[in-house]
Amino acid sequence: MTSLSIRGVDEQLSAILKQKAKTSKKSLNQLVLDILRQHAGLNKEKRFTREYDDLDNLFGRWSEQEFLEIQGQIDSQRKIDGELRTETRFPQMTSG
């Protein structure tokens with residue numbers, strides 16, 4: 001890895017970069033590296049990483065009674081049917 005020193009950074013630019021690093025929870029060094037990679041065309045475009053929030057308003061909206069009803073239905077469908085479990089799938093062939 002090579003180290004670079006950047007001179008001539010004024011106070012306004014320094015403050016903006018520090019604030020952006022803080023809000024993005026990155027070090028100042030990592031933020032500057034990310035910016036340089038992006039402008040040099042070295043960042044790969046992220047695919048399939050979009051986050052959706054269109055169903056967020058439904059989260060946590062069930063009452064306790066609604067939850068118990070839904071969970072009861074799910075639990076009842078998870079039971080293994082004993083008759084199907086013991087049933088033979090392929091009847092035995094009889095020789096004739």
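Any read-out appearing in this document is the output of simple, stated calculations on the displayed coordinates, not a laboratory observation. Just so we're clear, the structure is a prediction, and the values are computed from it rather than from any experiment. Neighbour counts run over all protein chains shown; Cβ positions are idealised from the backbone, glycine included.
Using unit Cβ charges (K, R positive; D, E negative) and no other charged atoms, how large, in debye to the nearest 20, is the dipole of the chain about its Cα centre? Write down the numbers at each step before the final one.
Numbers: 16 positive and 15 negative charges, 183 e Å.
Here the size comes out at about 880 debye.
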Show me, bin by bin at 5 Å from 0, the whole-percent P(r) of the range 1-65 based on Cα pairs. 3, 12, 14, 17, 15, 9, 8, 8, 5, 5, 2, 1, 1
Can you find, among A21, L58, T2, the residue farthest towards the positive end of the dipole of the chain? Put +1 on the C-beta of Lys and Arg, -1 on that of Asp and Glu. T2
Checked the range 32-83 against the a/c 1.5 cut and the a/b vs b/c comparison, axes a ≥ b ≥ c from its Cα gyration tensor; verdict prolate
GNM flexibility winner over the chain from G82, G60, G41 (Cα, springs under 10 Å): G82
Just to confirm the filter: which trypsin sites (Lys or Arg not before Pro) across the range 15-70 are DSSP coil and have at most 14 other Cβ within 10 angstrom of their Cβ? K25, K26, K44, K46, R47, R50, R61
